[in-house]
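Enquirer: Structure incoming, see below.
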Amino acid sequence: MSISQRLFVSLVSMLLPAVALLLVAVQYSMQSDIGHYWAEADKDQLEAALPVVASFYEQDEGWGRVLRMMRPPPPGMMPLPEGMPRFPPEIMGLMPRLTLLDAQGHVLLGHMPRHEGLNWLRQPIRAHDQVVGWLLLRPQPPIPATSVGLYLKHQRMHLLLLGMLTLLLSAWVAWRIARHFMTPVHALQVGHHALKQGQLDLRLPVDPKHELHQLLMDFNSLAETLQKNEVQRRSYVADIAHELRTPLAVLRAQLEAVQDGVSDFDDRMLGLLHEQVLQLTHLVADLQELAMADAGAQHYNRTQVAVDDLLRETGESFTEALQERQITVQMQLGLSGVQMWLDAQKMQQVIANILSNCRRYTETQGQLRMISRRLPQGVRLVIEDSGPGVPPWALPRLFDRFFRLEKSRARVAGGTGLGLSICKAVVEAQGGTIRAETSTLGGLAIIMEFDTTMQHKTL
């Protein structure tokens, strides 16, 4: 049985006893209400007869006229003459069930109740502010198979027909509800099978008015993420193959040249081979570090680090390399005394990687600026150069693995294209953020921010 069929059967199973219970309740209510209506009608009529009986009693100072009016005339006797007082017709209709007692409880007309349990109506007759008698009314007999009984029988048939129509309507509504909710579920099933078969470009239609639209949007978001990850994975594999191909091709060409006698295996050749091996080693080390960062296996030895000292010492270690390219260094450090819980060695690696890129890509006689400043709830570190700049569209992609610009900031010497990716992993692992923006000097600015609400300490 499918999910939609199970949902439909469940809804109908809940509706069926509800409809049956409703029919029984309505039937019972109708039958009890009729008896209650008769009892209330008898009470009203009995109370209406009391002042009439009391009035006739007061006029005659006895029960003579009352008895004559309440008793039917014997056979052969003339009825009461026209114009003489008489009971209203609604009271005369009660005569077969009425019993009249005097003040002492003696029966004057009718019959005394034989069973105390019978629910007789009993009302006192008052004349001259005294109880002069009692008027009793026998309750209606059980509903006979008369017009009232037939009425109830017809009502039962109508209720049964109404119940069947209600059940059919409820079943139709249940089917519509099941179909309404199962349509997106069926779409999710189809989408799931498509994803298993590798159709990552599938997107399900989403109706914003449907109750399950958020679930469909989440599925589309998942499919989009899987597709993006698959594209990145393929690009990652292709980039790794490309990065490995270049040094391996150089190694192969140089070794084959030595084998063919074209080149001598001297110190120069040994140095070239060693340089390619170092490049391969650097690439493998970067890949391993990224893999560990992705798996959350990196160990960070955090201690209290003076941020300005870390920037100053790392910058000073690049003084000679920057002077070779005539790059002027400016330091605007504004975090004197601020310490943060960081891994000093890994943060030094991040700053050194950024400075290395600045040295490699900044034009000769350029500028480099290192800035640290306070934020309302953190600190900001900025390393920017004077250019060449980076197009705005490329700024978010600078931290992608193996991403390089092929023009002004192309790889000039060395580098694997993984440096900024590693920087991003290290900074984020320590609770910070890193981004690239256009520098005020005309080049590139790398901005790192740390929320120090809970971690920094001002000495």
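A short reminder: the numbers here are calculations on the coordinates, not readings from a lab. For clarity, every value in this text was computed on a predicted model and none was experimentally measured. Glycine gets a Cβ as well: all are built from the backbone with ideal geometry, and neighbour counts include every protein chain shown.
Enquirer: Considering the options Gln298, Ala321, Met331, tell which one lies farthest towards the positive end of the dipole of the stretch 291-333, charges being +1 on Lys and Arg and -1 on Asp and Glu at the Cβ, about the Cα centre.
Expert: Going by the charge dipole, the pick is Gln298.
Enquirer: To continue, here is another question. Where the only charges are on Cβ atoms (+1 Lys, Arg; -1 Asp, Glu), what is the dipole of the stretch 303-458 about its Cα centre, to the nearest 20 debye?
Expert: Dipole of the stretch 303-458, to the nearest 20 debye: 340 debye.
Enquirer: A further question on this structure: Equivalent-ellipsoid semi-axes (√(5λ), Cα gyration tensor) for the stretch 303-458, whole Å, largest first?
Expert: Semi-axes (√(5λ), whole Å): 25, 17, 14.
Enquirer: Determine, from the Cβ-Cβ distance of Gln104 and Glu40 and an R0 of 30 Å, the FRET efficiency 1/(1 + (r/R0)^6), rounded to the nearest 0.05.
Expert: 0.50
Enquirer: Could you check the simple spin-label distance between Arg302 and Gln155, using points 7 Å along Cα→Cβ, in nm with one decimal?
Expert: 7.8 nm
Enquirer: Antiparallel as a % of all DSSP beta bridges within the stretch 303-458, to the nearest 5?
Expert: In the stretch 303-458, approximately 80 percent of DSSP beta bridges are antiparallel ones.
Enquirer: Return the aspartates and glutamates within reach of Lys196: Cα separation strictly under 16 angstrom, same-chain partners fewer than 8 residues apart disregarded; answer none if there are no such residues.
Expert: Cα-Cα hits under 16 Å: Glu224, Glu230.
Enquirer: List the trypsin sites (Lys or Arg not before Pro) within the stretch 193-300 that fall in a DSSP loop (any state other than H, G, I, E or B) and whose Cβ has at most 15 other Cβ atoms within 10 Å.
Expert: Answer by residue number: Arg203, Lys209.
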